[in-house]
Amino acid sequence: MDIMRREIAICTRMLVEVGILEYSGHISSRLPSGDEFLIQPVDDVRSALEPSRLLVVGLDGAVIEGEGKPPSETAIHAEIYKARPDVKAVAHFHHDPTTMLSMVRNRPWVPMKNHASRWPEGVPIHHDASHISSVEQGQELARTLGDANAALLRGHGEVVVAEGVKALFSDIVHFVENASAISSAALLGEIEPLTSEDLEKFQATFNREKHSRKLWAYYTVTAANKGAIPVDWLDD
Ligand SMILES: [Zn+2]
């Protein structure tokens, strides 16, 4: 089975398992050709996504291969891939406890936990709260994202980008974990975000690839034990 297809299916199913994805939201990954990506059909159930069902879609949003319609918000993925050649995987999801940080004045997403060093400056908020269904809206979102690695969509959801699906999964886990740390800490008192010096110190000894692999192993085995993914999809 194609490794990239399997990784997207595993990532999608695991995100449902940990309560980050539900009936909507999607993960994509850029194919080696550079101008095509894999994304699931709009109506396929996230918790039962099959690798063989993934569609090959061009950067114009047209389906090149596969059966079914791509998600209505496919422009999010296509326009980010166009604007960011470094991005190889994109996630769009609607995680309410995280989205809440786009709804409160003077309570921005700021780095609280050391793994938030992926987003040292915090993350931008995209103010268009509607569905991103046109090319123009996708381009606007890509402009909001700029060179950041995540954005909040006001009253709507999140976008997280990375260099591959395993790294993307790890980033999503840490992104929502940091959002919940902000909310929990704010209940206790005035929050004290990590400084750029704290984050640089953490980054100096942090091996991103090794960490993503460790996190992937933990979540895939746990998901397989619960029957959320087939055991024969696990890495050798
Ligand atoms: Zn959405």
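No value in this document is a laboratory result; all are computed from the given coordinates. In this text, all values refer to a predicted model and were calculated from it rather than measured experimentally. Methodologically, a virtual Cβ is constructed for each residue, glycine included, from the backbone with ideal geometry; neighbour enumeration extends over all protein chains shown.
Any residue at all in region 145-163 that is among the basic types (Lys, Arg) and away from the ligand (no atom under 16 Å from the Cβ)?
No, region 145-163 contains no residue that is among the basic types (Lys, Arg) and away from the ligand (no atom under 16 Å from the Cβ).
Would you confirm whether or not region 85-99 contains a residue that is touching a residue at least 60 places away in the same chain (Cβ under 8 Å), crowded, with 18+ Cβ neighbours inside 10 Å and acidic (Asp, Glu)?
Within region 85-99 (the criterion being touching a residue at least 60 places away in the same chain (Cβ under 8 Å), crowded, with 18+ Cβ neighbours inside 10 Å and acidic (Asp, Glu)), the answer is no, since none of the residues qualifies.
Only one of 22, 121, 50 is surrounded by fewer than 16 Cβ atoms within 10 Å (Cβ to Cβ), within 16 Å of the ligand (Cβ to nearest atom) and under 27 Å from residue 215 (Cα atoms); which?
Answer to the check: 22.
Show the residue pairs that are 6+ apart or on different chains and have beta-carbon atoms under 7 Å apart, the first residue being within region 129-140 and surrounded by 17 or more Cβ atoms within 10 Å (Cβ to Cβ), the second being of a type in the set (A, V, I, L, M, F, W, C) and in a loop (DSSP other than H, G, I, E, B).
Listed pairs, sorted by first residue: 138/132.
Considering only residues that are in contact with a Lys or Arg (Cβ under 9 Å, 6 or more places away or on another chain) and among the charged types (D, E, K, R), which ones fall in region 80-94?
Once the filter is applied, which keeps residues that are in contact with a Lys or Arg (Cβ under 9 Å, 6 or more places away or on another chain) and among the charged types (D, E, K, R), region 80-94 yields only 88.
Anything in region 67-84 that is within 16 Å of the ligand (Cβ to nearest atom) and either free of Cβ contacts under 8 Å to residues at least 12 places away in the same chain or assigned to a helix (DSSP H, G or I) (or both)? List them, or say none.
Matches in region 67-84: 74, 75, 76, 77, 78, 79, 80.
Can you pull out the residues in region 186-215 that are surrounded by 15 or more Cβ atoms within 10 Å (Cβ to Cβ) and small (Gly, Ala, Ser)?
The answer is 212, and nothing else.
Among what's in region 57-84 and is hydrophobic (A, V, I, L, M, F, W, C) and surrounded by 15 or more Cβ atoms within 10 Å (Cβ to Cβ), pick the residue that is farthest from the chain's Cα centre (by Cα). Lay out the reasoning, then the answer.
Here is the first cut: in region 57-84, the ones hydrophobic (A, V, I, L, M, F, W, C) are 57, 59, 62-64, 75-76, 78, 80, 83.
Now restrict to residues that are surrounded by 15 or more Cβ atoms within 10 Å (Cβ to Cβ): 57, 59, 63, 75-76, 78, 80, 83.
Values: 57: 18, 59: 18, 63: 22, 75: 15, 76: 12, 78: 14, 80: 12, 83: 17 Å.
This residue is 63.
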